[in-house]
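A short worksheet on the structure shown next.
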């Protein structure tokens, strides 16, 4: 096993794939349009995903194709045809969960490795041995495992490649097998159409509170407890719930962050560090990949962990961070009961740098409000620097003081040479 683990990043679109590689990913994972767990939010089409495989290999990098839904009978034939289509493009692996589909892939396309999806909830060495005997090359371990448990698996099955999530959102379910979305609006998370029901806004009502809006209830006789929740977009559909003095957001986990534990994870046997976030912004993806790249490179050189990397990650949208089960101290501090997201980020995604012109000006596609005088961080694969916006011109060449997300591209003086894949982040604190 290499002493330098692979950095594996999400490729939610062809553009995001390019940014992931630019900021230091060794490999990416992208979903088959109809048969991965991001089917509802996947801009890839069959042809563009096949082109992405070719493009990745031209760069000397790797791409793993995710096909990890658990298909019902009606989807098996089309699932198999889709695997055959992508097998011709020779991806570096299929990421799969369904045993029947895995058996089919190993038999029909033995030249393409199969990586076992986290959806199979692999939590012990006996299961790892089972999948090894079947022919699986890599196991993406369950998020519920501790460092000690990972090390035990590696010691007992040393030939198996082990991959682990290191950063990103955590589902309040057993490794992602969530039924909440399907229960609320018949969109099955296990078929790739999760509506993130665990992150909706819910209101809490006390049965004894005469001001509670109880007049439109579908079944008033069902109210037998003290507290009930109502989802904002579903008035009158009350559900019983308990709360303590902190209130509740019922199923709102903090985000996973293990950048400070990468050496321990490598020593325990992890060969691939996986970042979650195919639906996240390019800014989020680039900042997270960049900092994990730095942490891995520092680890490879024998350097101590730099705490500044934690501050860099805090610039991205998050719900607070936790190491979850990796270090066995998970308790109520792992959850957030007050908000689905960090309220006061030190910086926000301001825009993507799209080009340059003579005189030291750069073209910026605005993502969030910026104005003359704002302090902004210029972020690029080659480095970062802070500067103040001295001027803004709109597409007509007119001077303006403010630009908003959705306005398209504007021009502003660049703080230095303009680099490919550069981003801007506005300082808010």
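A few comments on the model shown:
- Residue 155 being out of contact with any strand residue (DSSP E or B) (no Cβ under 6 Å at 6 or more places or on another chain), free of Cβ contacts under 8 Å to residues at least 60 places away in the same chain and more than 26 Å from residue 171 (Cα to Cα): no
- Summed over segment 158-193, the residues that are in contact with a strand residue (DSSP E or B) (Cβ under 7 Å, 6 or more places away or on another chain) and outside any loop (DSSP other than H, G, I, E, B) give a count of 8.
- Yes/no for residue 150 being over 24 Å from the mean Cα position of the chain (by Cα), in the same structural domain as residue 321 (by TED's automatic domain parsing) and surrounded by 17 or more Cβ atoms within 10 Å (Cβ to Cβ): no
- Among the residues listed as 207, 129, the single one being surrounded by fewer than 20 Cβ atoms within 10 Å (Cβ to Cβ) and modelled with pLDDT of 95 or more: 129
- Within segment 265-280, considering residues that are in contact with a strand residue (DSSP E or B) (Cβ under 7 Å, 6 or more places away or on another chain) and modelled with pLDDT under 95, the one nearest to residue 64 (Cα to Cα): 278
The values are calculated or read from the model by the stated rules, or taken from the named source; none is laboratory data. No experiment lies behind these values; they were computed from the predicted model shown. Cβ: placed from backbone, ideal geometry, glycine included. Neighbour counts: every protein chain shown.
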